[in-house]
Every structure is written in structure tokens, then in C-alpha cells.
Amino acid sequence: MTIEIRVPTLGESVTEATVGKWLKKPGDAVKADEPLVELETDKVTVEVPAPASGQLSEIHVDEGATVAIGTVLGALADGGAAAAAPKKSNSKPAQAERKSDGSGPPPSPAARKHLADAGLAADAVSAGSGRRGQVLKEDVAAAVAKAAPRSAHQPEQELEEPRRETSTPQPAAQVPATQRAREVPAPDVRVATSVSEAGREERVRMTRLRQTIAMRLKEAQNTAAMLTTFNDVDMSAVIAMRAQYKDLFERRHGVKLGFMGFFVKACIQALREIPAVNAEIDGEDIVFKNYYHVGVAVGTDRGLVVPVLREADRMSIAEIEAKIADFGKRARDGRLSIAEMQGGTFTISNGGVYGSMLSTPILNSPQSGILGMHRIEQRPVVKNGEIVARPMMYLALSYDHRLVDGKEAVTFLVRVKECLEDPQRFILEL
């Protein structure tokens, strides 16, 4: 019996996806619920599991193709049908042997792009170095490099022909060799240079997530009147509290005490006082949010994702730290759900973990504010009339100036600064 593998429902408003990577190949045995293929949406990467145990018999959609919900991706054979799969796999070595006559697998997408750029036919590379003899972009680059000497001399031949018609009747044998050498134009090195550059370039299609990130960030710039204001904060009090209680905190709650819990709490205190930073513009209306869903930007190999801490004002610092740790792990594994990244009212981005000293974060539309954290470093400051070294951090608030005035933005940052420099404010909610 053959079982179809279809694109599952991927979440609200998601109607299509891109086939990212097949984790199995035809003939492989699979178990029920074992991941078969990765699908990239505009928000997350989703793994499609095997609907039953058996053998992957067919792949209908190649990597990089765009598919709609319900599209058949491939077929799974179980029972008696699975027994026929080894016969299909036995023909693969024969395909590799016949690749020179064009019967092997088609070139990879990158190789096809290189062939098109170089103006070569698909069969110009007879032997590929990929699996089952597939032609890869490296094989095309090698073939182009071999053709480069001939291309470089071609302009010379074209220029010599008209020169014979206008030359003097003197026989070519009587012209000194040095004179003939001067008459021959130098090869057009531009051809060779372009071939060399093509061999060192790699063209990769943007993932669906990266395309969405690019679109949304540019949309935020085009829509909002975006402005950034800065302040700095002395982290001495937070660092001292963390050093004093981090071991007890970890034993009690089973999670490490970091800085994000303090920043989330400080931002919520500031958002309560400056509600415009927690609001958004909807047409001609301003929508004030009387709840606090704080997004926390997480960098992954696939791009930036922003999972949301829902009802963050009702969470303890321990709950915030535990949730952020879970978000980070699942984001790197590509296991965040779409629902977990929707509905945020304010965002915090921590570029300091990568060493950033100062930056201007871009709004996470339609939100009206985003706080940028940066690295902590010892800097000289004046305290009580004396110059002393303190662990300082720059803070940046990017905001939509259509909704948030400069005074409100500055006040917001001052409140965050006050809370971090005097953490007892969290307890007293001051």
C-alpha cells in the first residue's frame, strides 16, 4: 500500500511553504513520526513527519520548490509495496555509469544557474562529482575555467581579419617578427576575469524566513517615522544582586539567573507609565494595549526570530528566565511554533551577546517601540564628584514618532535606567 506525504496545515494565514531539505532519500526505511522533509515558511521551519512506518518510495517535489497546503510531497510504501523499493535503489549505480550520456540526475539548482550564466548547455559537463553523478556548481566552474583560454583569444582572431584587408602588400614573411608582435592586440582580459569571478561566486536562494525578515524590516522603515534615542545605565546593582543570589536562584528554580529577566521587568514598569510605547497605529486609530506581550529577539542560523513572552507582567523573573532559555533552545532547533511568535506588543533585542557597543534597532511592525541592549564594559563615570570605573551599558530605544513623542521616549529610557540601577523598584513597583 502507498501512503501519500502531504503538506500539513502550517498555521493561521500561512498558505504556502518552500521545500527546504529532504532528510530521507528514496529507498530509505523510515519509522512512524520520523522527520522526512523540512518546510520553510515565512516564520518558522517545520518538519513533516512520516505518517507511518515503511520505506520512502518517491519524492515528487524537489528542494527549493514552493508548495501549497495539501500538496503531495512524496509517497511512502509499507507492507508489500516496501519490498519493491530495493529494486529501485539497485538501478542507481547504473544511472551513475550512464551519466555521461545524459541519463543521470539533473544538475543541482546552483549548477543550472552557473550553466545559464556561462551560456553552456546542460550536457556541457559530462561527469559530475555529486551523488549518483549529479553535476554540481564546482563541476560547472571547472568546465568554465577550462574554456577560459579559448574565450580569451577569441577577440584576437576577430580583430586580425579586418587588419589583413587594410595592410600593405608586403608579404607577411618579410615583416619582422617584432613588428608582427606589436600589431597583435593584447587579449581581452575582461573575459578571463569574469570567468574567474564566476568560479568564486555562489548564488543561493534566500530562505522564506530571510525573505520575510527583509520584507518586514523594509516595511517598518517605509511605514513608521522611526527615530532612536539613547541612554546609558550603570549595571553595578544588577551585577551585584546576580552574583549574590545566582547559586541559590539556580538551586531553587532550576534555571540560571541572567540579565533578561531584569530588563523585561524594567521595561514593563516603564510601559505602564508610558503606554504609547506599548500601543500601535491602526489606520486612523491608536490601539492601547493594557497587557504586556514582550517579544525577545533570538538569533539563529536561519535568521532572527522573535518569540513572545505572553502576560510578561504576571511572570516572575524565574519564569521569564526559564521561558527565554526554552525559546532559545527551540529556536536554534527550529521547533518554535508560529503562534509563539505572534501578538507581541513590545520587543527587546540583545545585541550585546555578540559584542555590540551601540546600535539602532528596527521596529518590529506594527509595534511602536523596541529596546536595544548592548555589551557591558568598564567605563569612567563621575560618582559623587570622583571619576570611578563602572560596568556601563548603552541602551537604545527605537520608536514610531507618529505615536510616541520625544519626551515620552526619553522618559521611557530614564525609567528603565532607574529600575536597573535600583532593582528594589521591581518589588515596590515604583
message: Modelling each spin label as a point 7 Å along the Cα-to-Cβ direction, I'd like the ALA68/THR9 distance in nm, to one decimal.
response: 1.7 nm
task: Pop out the ³J(HN,Hα) list for segment 372-385 in order, Karplus 6.51 cos²θ - 1.76 cosθ + 1.60 with θ = phi - 60°, rounded to Hz; leave Gly and Pro as x.
output: x, 9, 9, 5, 9, 8, 6, 9, x, 9, 9, 10, 6, x
- prompt: What residues qualify as long-range amide H neighbours of LEU73, i.e. H under 5 Å apart, gap of 5 or more or another chain, H built at 1.01 Å from N?
  reply: ILE5, ARG6, VAL7
field: Label-point separation, ALA124 to ARG205 (7 Å along Cα→Cβ), nm
entry: 2.2 nm
message: Tell me whether segment 209-428 comes out rounded, prolate or oblate; compute the Cα gyration tensor, take square roots of the eigenvalues as a ≥ b ≥ c, and use a/c under 1.5 as the rounded threshold.
response: oblate
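Return ASP232, ASP301, ASP139 ranked ascending by Cβ neighbour count within 10 Å, so the fewest neighbours appear first. Working shown, then result.
Values: ASP232 16, ASP301 7, ASP139 23.
So the residues, fewest neighbours to most, are ASP301, ASP232, ASP139.
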query: What is the order of LYS137, LYS417, LYS265, fewest Cβ neighbours within 10 Å to most?
result: LYS417, LYS137, LYS265
- request: Return the long-range amide H neighbours of ASP28 (sequence gap of 5 or more, or a different chain), with a cut-off of under 5 Å between placed amide H atoms.
  value: LEU56
message: Can you compute 3J(HN,Hα) from phi for each residue in segment 217-224, using the Karplus curve 6.51 cos²θ - 1.76 cosθ + 1.60 with θ = phi - 60°, rounded to whole Hz and x for Gly and Pro?
response: 5, 5, 4, 5, 5, 6, 9, 7
From phi via Karplus (6.51, -1.76, 1.60), per-residue ³J(HN,Hα) for segment 24-38 in Hz, x at Gly/Pro: 10, 10, x, x, 6, 7, 10, 9, 4, 6, 6, x, 10, 8, 9
query: Near the amide H of ALA65, under 5 Å away, which other amide H atoms are found, from residues 5 or more places off or on another chain, if H is placed in the peptide plane?
result: VAL19
Ordering of 268-275, 404-411, 341-348, 251-258 by burial proxy (mean other Cβ atoms within 10 Å per residue, highest first): 341-348, 268-275, 404-411, 251-258
Pairs of lysines in segment 209-428 (C-alpha under 21 Å apart; 8 or more residues apart or interchain): 13
- prompt: What is the order of PHE262, PHE426, PHE288, fewest Cβ neighbours within 10 Å to most?
  reply: PHE288, PHE426, PHE262
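All of the numbers you see were taken from the coordinates with simple rules; none came from a lab. Quick caveat: nothing in here was measured; it's all calculated off a predicted structure. For neighbour counting, all protein chains shown are included, and Cβ atoms are generated from backbone atoms with ideal geometry for every residue, glycine included.
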